[in-house]
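Asker: Let me give you the structure first, and then I'll get to my questions.
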Amino acid sequence: MPHRHRHRQHLHQQHWPSFGSRHAIASLRAGVPPAHLIRQDFENLKATTLLRTSAQVEELLLMQSIEGHAHEGHGAFRGRRFLNLTMEDTVRALGLDPQQVAATRQQLIDEVASWLRAALEGKAPDRLVDEQGYPLLDVSSLRFLRVEPREVLRGFYLGGLRDNSEVRLEVEARRKVVIGGGQCYLVDVKVMEGQGLDGEQLAHGEYAADIARFRELGMIRDEDGKPQDPDRVRYMYIRHRRGTGTSDDAALVACGLLWGLSAALGAFLADAVDTLEKYVPIYSDQDDDLARMVAEDLPEVASEEELYRLTYLCALPEDGPPMPDSSLRHMLMVNRAVDQTALEGHLSFIQGLPYAPMPIAFEQVSNAEFYEYLRERVRKEGGCRSAGSR
């Protein structure tokens, strides 16, 4: 069998280049750390983190974590916060070719999209693998699980749209909760800085009423998803409304409790696409687009009432216990003490199988306590169908 990875862009370099590299950051913008700190943080992550995926996908996810570290002053940044660092800056500082990195991330999304399209045509295998038998996203845990393709589609629809800002608004109105929401846009960072704004303010403020003005200023650029000047235009999240947010862990587990293992895996794939699409050649809401494709081609699995129900269940409570919200990196990170990832724990719980108790997500929440809390929350919403309801 030919090795699939020969078809992907190759990223690895044995030696990190200096600032003289043609891909390195040409000049430092305000709020962007020196390249040596970015490289140091990446090397630290590689030395201390093991993800249940291939080395190539692991590197793609670890370099995305650097952005969060820089914004919060974690890792190699040691309390110094660099609020305007983006993936483009990180990739260049690591001496990698931005086009190659973006294209490889898009290939991972395309493999998921191909499986979904095959499922809609009734031709998908009963495992989450590609045509050559490799697991999607190179996540080896998926290789051994049999799925019902129709239910995976249901889970992808639910997981792909539950973060949609309009869906959240509807749930807020129905349930009298405050979830918040926003969207990613192509942002001209020079105009942003000229307005006295930075990446953190955009991500955590409340700018629904300012979107039209930002467009008039040229701060939000409409370039058909592909920035013409990547040194200046970056894909950035702008929060429309403040709120508690949602938990990706809760979305996956609640989906599994309500509709079964296959639906939970569909929600996981939607979350993975949402992560990967943050740095691709042409920016768009691909998880949203693929979810709407499912709804159009298979409307019987696309219930708006189920979507609103899941969105409410994964909303972070204002006065409840802490809920984990794992990034894709944390979802796939192996806890070496028990040789288990958060994803594997979630899937075992949903199936009623033994799992290792362990802290999960950045918040370090006990997975056992989280499962008990969410199980009761789901029961109050009408009960569970999975083995995890026992």
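The values are calculated or read from the model by the stated rules, or taken from the named source; none is laboratory data. Keep in mind that this is a model prediction, so the values were computed, not measured. Counting neighbours? That spans all protein chains shown, and the Cβs are built from the backbone with ideal geometry, glycine included.
Asker: Checking the structure you have, find out if any residue of the stretch 45-55 is at pLDDT below 95 and under 24 Å from the mean Cα position of the chain (by Cα).
Answerer: No: the stretch 45-55 contains no residue that is at pLDDT below 95 and under 24 Å from the mean Cα position of the chain (by Cα).
Asker: Answer yes or no: is there a residue in the stretch 1-18 that is at pLDDT 75 or above, more than 24 Å from Ala203 (Cα to Cα) and assigned to a helix (DSSP H, G or I).
Answerer: Going through the stretch 1-18, the residues at pLDDT 75 or above turn out to be none.
Scanning the stretch 1-18 turns up no residue that is at pLDDT 75 or above, more than 24 Å from Ala203 (Cα to Cα) and assigned to a helix (DSSP H, G or I).
Asker: Kindly state which helices (runs of 4 or more DSSP H) lie completely within the stretch 118-205 and contain at least 3 residues that are of a type in the set (A, V, I, L, M) and buried (at least 21 other Cβ atoms within 10 Å of the Cβ).
Answerer: Numbers: elements: 149-161, 165-175, 189-194, 199-204.
Hits in the stretch 118-205: 149-161.
Asker: Taking the options Gly388, Gly383, name whichever one is touching a helix residue (DSSP H, G or I) at 6+ places or on another chain (Cβ under 8 Å), in a loop (DSSP other than H, G, I, E, B) and either at pLDDT below 95 or of a type in the set (D, E, K, R) (or both). Don't jump to the end; show me each part of the working.
Answerer: Details: Gly388 fails: in a loop (DSSP other than H, G, I, E, B).
Going through Gly388, Gly383 in turn, the sole match is Gly383.
Asker: Taking Gly218 as meeting all but one of (1) touching a His at 6+ places or on another chain (Cβ under 9 Å); (2) surrounded by fewer than 19 Cβ atoms within 10 Å (Cβ to Cβ); (3) not hydroxyl-bearing (Ser, Thr, Tyr), write down the number of the exception.
Answerer: Checking Gly218 against (1) touching a His at 6+ places or on another chain (Cβ under 9 Å); (2) surrounded by fewer than 19 Cβ atoms within 10 Å (Cβ to Cβ); (3) not hydroxyl-bearing (Ser, Thr, Tyr), the one that fails is (1).
Asker: Please specify each residue of the stretch 252-303 satisfying the condition of being within 19 Å of Ala119 (Cβ to Cβ) and touching a Pro at 6+ places or on another chain (Cβ under 9 Å).
Answerer: Ser262 - this is the single residue of the stretch 252-303 that is within 19 Å of Ala119 (Cβ to Cβ) and touching a Pro at 6+ places or on another chain (Cβ under 9 Å).
Asker: Test each condition in (1) over 29 Å from Pro317 (Cβ atoms); (2) in the same structural domain as Glu304 (by TED's automatic domain parsing); (3) at pLDDT below 95; (4) not β-branched (Val, Ile, Thr) for Glu148 and report the one that comes out false.
Answerer: Only one criterion in (1) over 29 Å from Pro317 (Cβ atoms); (2) in the same structural domain as Glu304 (by TED's automatic domain parsing); (3) at pLDDT below 95; (4) not β-branched (Val, Ile, Thr) is unmet by Glu148, namely (3).
Asker: Please go through the stretch 68-87 and pick out each residue that is buried (at least 16 other Cβ atoms within 10 Å of the Cβ), of a type outside the set (Gly, Ala, Ser) and not in a loop (DSSP other than H, G, I, E, B). Please lay out each step first, then the result.
Answerer: So the first thing to find is which residues in the stretch 68-87 are buried (at least 16 other Cβ atoms within 10 Å of the Cβ), and the list is 69-71, 74-77, 81-87.
Checking the rest, the ones that are also of a type outside the set (Gly, Ala, Ser) come to 69, 71, 74, 77, 81-87.
Once the filter is applied, which keeps residues that are buried (at least 16 other Cβ atoms within 10 Å of the Cβ), of a type outside the set (Gly, Ala, Ser) and not in a loop (DSSP other than H, G, I, E, B), the stretch 68-87 yields His69, His71, Phe77, Met87.
Asker: Checking the conditions here, which among Val378, Val334 is among the β-branched types (Val, Ile, Thr), within 29 Å of Gln56 (Cα to Cα) and touching a residue at least 40 places away in the same chain (Cβ under 8 Å)?
Answerer: Val334
Asker: Residues being under 24 Å from Trp259 (Cα atoms) and not in a helix (DSSP H, G or I): count how many of those fall in the stretch 323-363.
Answerer: Here the count works out to 15.
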